[in-house]
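Reading through the structure tokens given below for one structure.
The values are calculated or read from the model by the stated rules, or taken from the named source; none is laboratory data. Worth saying up front: this structure is predicted, and the values here are computed from it rather than measured. With ideal geometry, Cβ positions are generated from the backbone for all residues, glycine too; neighbour counts draw on all protein chains shown.
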Amino acid sequence: MANRPEWGSERKLKLKAVVPAAGIGKRLRPHTYTLPKALLYVAGKPIISHILDDVLALDPTSVILIIGYKAELVKSYVQEHYPKAPVEFVFQEERRGIGHAIHLTEAVASTGEPLLIILGDTIIKADLRAVIDVDCNVLGVKSVEDPRRFGVCEIDHGRITRVVEKPKDPPSNLALVGLYYLPDSPLLFECLKKQIEGDIQKLGEYQVTDALQMMIDRGAEFRPFSIEEWFDCGKKEALLETNRSLLEGRKDPPIIEGSIILPPVSLSPNAEIENSIIGPYVSIASHVVVRNSIIRDSVIDEGAAVKECLLDGSIVGSKAVIVGAFQSLNVGDSCEVNPK
């Protein structure tokens, strides 16, 4: 397959990308009281940056970002960090499910071009060029231990014959990971419209799986694409696991005089680290101050201060101040912890 140009050039793929990122992220409180889930920091950058960097590398004609909860924060971040990227914003006022969110993009996305949809609260490591280099609809799948928590697909002779959302009796252990490539985008929007007009809901929301099943019932061909690495950053433990997995393999940490750095880590060059042991599996954002501390398996967000601490398995929010803590913490933005 020929190499394609980087995003921002004049040549464009006939492809639109849709990223639903309107959710609240209740399981990640207290952090999502002040930030939308898409902006949570992991492995050196916010979740939305991991997604956009992968999608923009395909050079799509546009990326349609669906925003809702604390929408202006997401919009401002993207406009600041991706000023030349072809990003459009669609606002989802009521969070009524992924199917509903995608339906809202019809005015800007229903141009007949293929759609690549990636959910904005998960990080998927896959060869996206291989995903879009096919002539039929593709769903990203991965074997899981408990498929009842996910959308699930059933496969017959290499074709997906059935998809169902969070079934009590799953037809397989193949979970849908939130990656959808749909060359047949006009049929998708037709089925979404029928779903909304018919008020076809499950678990109180309009599920995209119902629209996909309508497409299958109308004869659309769907094939699975196996995903090896799929990170659902839905709660503290999952966010730390994602941080560990994405940092794995990073070597050659920076040398900081007076401190010991144990890879793998992601340390902002703007962080101030003094007389500390950092790592392994630590992400430290810009303008963080760390003094006289030991930190491992943790994520420290922008502008936080950690002094005289031993932190393990911790998430520290932006501008939080932690002094003298010897424990696992889950501290939101601008909080202060000082046991003394």
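How about the stretch 107-141: which of its residues are touching a Lys or Arg at 6+ places or on another chain (Cβ under 6 Å) and under 23 Å from residue 231 (Cα atoms)? The answer is 115, 121, 138. Residue by residue through the stretch 284-302, note down the ones that are surrounded by 22 or more Cβ atoms within 10 Å (Cβ to Cβ) and of a type in the set (Gly, Ala, Ser). Within the stretch 284-302, 285, 293, 298 qualify.
Where in the stretch 65-125 are there helices (runs of 4 or more DSSP H), lying fully within it, with 3 or more residues that are more than 22 Å from residue 204 (Cα to Cα) and of a type in the set (A, V, I, L, M)?
In the stretch 65-125, the matching helices (runs of 4 or more DSSP H) lie at 71-81, 106-109.
Listed conditions (1) over 29 Å from the mean Cα position of the chain (by Cα); (2) charged (D, E, K, R); (3) under 16 Å from residue 40 (Cβ atoms) are all met by residue 291, apart from (3). Of all residues in the stretch 284-336, exactly one satisfies the criterion of being of a type in the set (Val, Ile, Thr) and in a loop (DSSP other than H, G, I, E, B), namely 288.
As a summary of the residue check, residue 125 satisfies the conditions (1) of a type in the set (Lys, Arg); (2) closer than 24 Å to residue 161 by Cα; (3) touching a Ser or Thr at 6+ places or on another chain (Cβ under 9 Å) except for the one numbered (2). Among the residues making up the stretch 128-154, those that are of a type in the set (D, E, K, R) and either touching a strand residue (DSSP E or B) at 6+ places or on another chain (Cβ under 9 Å) or farther than 20 Å from residue 18 by Cα (or both) are 142, 145, 146, 148, 149, 154.
From (1) without any contact (Cβ under 8 Å) to a residue 60 or more places away in the chain; (2) within 25 Å of residue 27 (Cα to Cα), pick out the condition that doesn't hold for residue 261. Of the numbered conditions (1) without any contact (Cβ under 8 Å) to a residue 60 or more places away in the chain; (2) within 25 Å of residue 27 (Cα to Cα), the odd one out for residue 261 is (2). Return a yes/no flag: does the stretch 194-201 have any residue that is under 27 Å from residue 246 (Cβ atoms), in the same structural domain as residue 65 (by TED's automatic domain parsing) and either small (Gly, Ala, Ser) or surrounded by fewer than 16 Cβ atoms within 10 Å (Cβ to Cβ) (or both). There is no residue in the stretch 194-201 that is under 27 Å from residue 246 (Cβ atoms), in the same structural domain as residue 65 (by TED's automatic domain parsing) and either small (Gly, Ala, Ser) or surrounded by fewer than 16 Cβ atoms within 10 Å (Cβ to Cβ) (or both). For the stretch 227-243, a tally of residues being closer than 26 Å to residue 130 by Cα and at pLDDT 90 or above returns 2.
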